[in-house]
Amino acid sequence: MSETKNAKDLKGKTGLHRLINACGYSRDGFLAAYRHEEAFRQEFWLVIAALVIAVLLPISVLQAGILVACHLFLLTVEILNSAIEATVDRIGTEIHPLSKRAKDMGSCAVALAGAICLIAWICILWDLLFA
């Protein structure tokens, strides 16, 4: 007979034990996003490509850091959007205006984060080509 786990059993950890658990949860979250979310996989490989291009371009470390940070922000927002979608779906799969609003707002957040990446690239490439 398997013992049922309760979320409150995970609370109250402190110190190094809490940090080790947090790292494990973060790894699990990354793997879940990569395995189950096509958009996350696409954006992850976009980040890898952006890193390679940023390293190869004759830009400053600050500019490269800005590009990397923008893309990491995009991944962060995509994971939060996926978490919102999973939570809404966990509550119920029926079509409800509030569920639609939550999912649409999460999608909008991803689009805005993508726009931040695009603006950063345009500014840095403009500076590289025309300054």
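Considering only protein heavy atoms and a probe of 1.4 Å, how much of the accessible area of the chain is carbon and sulfur, as a whole percent? Of the solvent-accessible surface of the chain, carbon and sulfur hold 69 percent. Selection among Thr14, Gly106, Val88 by position relative to the dipole of the chain gives Thr14 as farthest towards the positive end (Cβ unit charges, Cα centre). Computed 3J(HN,Hα) for segment 31-41, one whole-Hz value per residue from the Karplus formula 6.51 cos²θ - 1.76 cosθ + 1.60 where θ = phi - 60°, is 5, 5, 4, 5, 6, 10, 10, 4, 4, 5, 4, glycine and proline marked x. What label, among [x] 14.8; [y] 15.3; [z] 17.4, belongs to Kirkwood radius over Cα pairs in Å computed from the structure on display? Answer label, from the structure shown: [z].
Which value in deg cm²/dmol, rounded to the nearest 500, describes the helix-derived mean residue ellipticity at 222 nm for the chain, given -39,500 (n - 2.57) per DSSP H run of n ≥ 4 and division by the residue count? Working shown, then result.
Details: 4 runs with 106 residues, N = 131.
Helix contribution divided over all residues of the chain: -29000 deg cm²/dmol.
Annotation note: GluC sites (Glu not before Pro) in segment 42-131 located in DSSP loop regions with a Cβ neighbour count of at most 16 within 10 Å are Glu94.
Taken about its Cα centre, the chain carries a charge dipole of about 460 debye when Lys and Arg each add +1 at the Cβ and Asp and Glu each add -1 at the Cβ. Full extension of the segment from His17 to Val52, taken as 0.36 nm per residue of separation minus the current Cα-Cα distance, would add 9.1 nm.
Note down the net charge around Ala39, summing +1 for each Lys or Arg and -1 for each Asp or Glu among other residues with Cβ under 15 Å from its Cβ. Can you show the working numbers first?
Numbers: positive: Arg35, Arg41, Lys103; negative: Glu37, Glu38, Glu43, Glu78, Glu85, Asp104.
Local charge sum for Ala39: -3.
The values are calculated or read from the model by the stated rules, or taken from the named source; none is laboratory data. Keep in mind that what you see is a predicted model, and the values were worked out from it rather than measured. Here the Cβ is made from the backbone with ideal geometry for all residues, glycine too, and neighbour counts use every protein chain on show. Just so you know, the surface numbers come from the protein's heavy atoms only, side chains and all, with ligands and any DNA or RNA stripped out. Shrake-Rupley method; radii C 1.70, N 1.55, O 1.52, S 1.80 Å.
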